[in-house]
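Written out below as C-alpha cells is the structure these notes cover.
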Amino acid sequence: MSKVIVSCLVLVLFCIGAVFLQKGLCKRPQRCAGLVLPILCFVLSFVPVISVSVFSFVKTESVVEVPDNGGEAVTTEEIVTKGENESIGGILVGMIPIFLVMNIPTFILYMIYSTERRRQKENQELKKMNIMDL
C-alpha cells in the first residue's frame, strides 16, 4: 500500500479514537473531564493563527554561492522584514478562516460533550421520577 493510504488510515483511526475518548471522558461524573479535549483543541488552534501573523511580516531569500573550483555549493539565508507591504487588515482576513477551520474539531468535541451531558441529566431525572413513583 502506498504511504498516502496508510497515512489516511492512521488519521481516520486517530479521529475515531478521539471521539471514543471524548465519549468516555463525558461519561465521568466530573464535569471538567469532558471539556479537556475541546479546550485542548481550542488552545492548539491558536498555533497556526499566531504563526500566520508572525511569518506574514518575514520574507526569506536564499542565496546560493558556487565556488569557482567546482566544490560544493554553499547556501546562505538572509531574513528581511517587510512590514510595509502587508496591512493588518489583510493579515486578519487571512487569519479568520484559518482560525475557523482549526476549530472544527473543537466544535465537534463540544457537541459530543453537550449531547452526553444532556443524556446524563435526562437519565438522572428519570431515576428521580422512578424513585418518587415508588
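General remarks:
- Members of segment 90-113 that are more than 19 Å from the chain's Cα centre (by Cα) and surrounded by 13 or more Cβ atoms within 10 Å (Cβ to Cβ): I91
- Positions within segment 50-68 being among the β-branched types (V, I, T) and either at pLDDT below 75 or assigned by TED's automatic domain parsing to the domain that holds I108 (or both), in sequence order: V58, T60, V63, V64, V66
- Test result for G71, within 25 Å of V49 (Cβ to Cβ) and modelled with pLDDT under 90: no
The values are calculated or read from the model by the stated rules, or taken from the named source; none is laboratory data. Bear in mind the structure is a predicted one, so any value in this text is a computation, not a measurement. Neighbour counts are summed over all protein chains in view; Cβ atoms, including those assigned to glycine, are modelled from backbone coordinates with ideal geometry.
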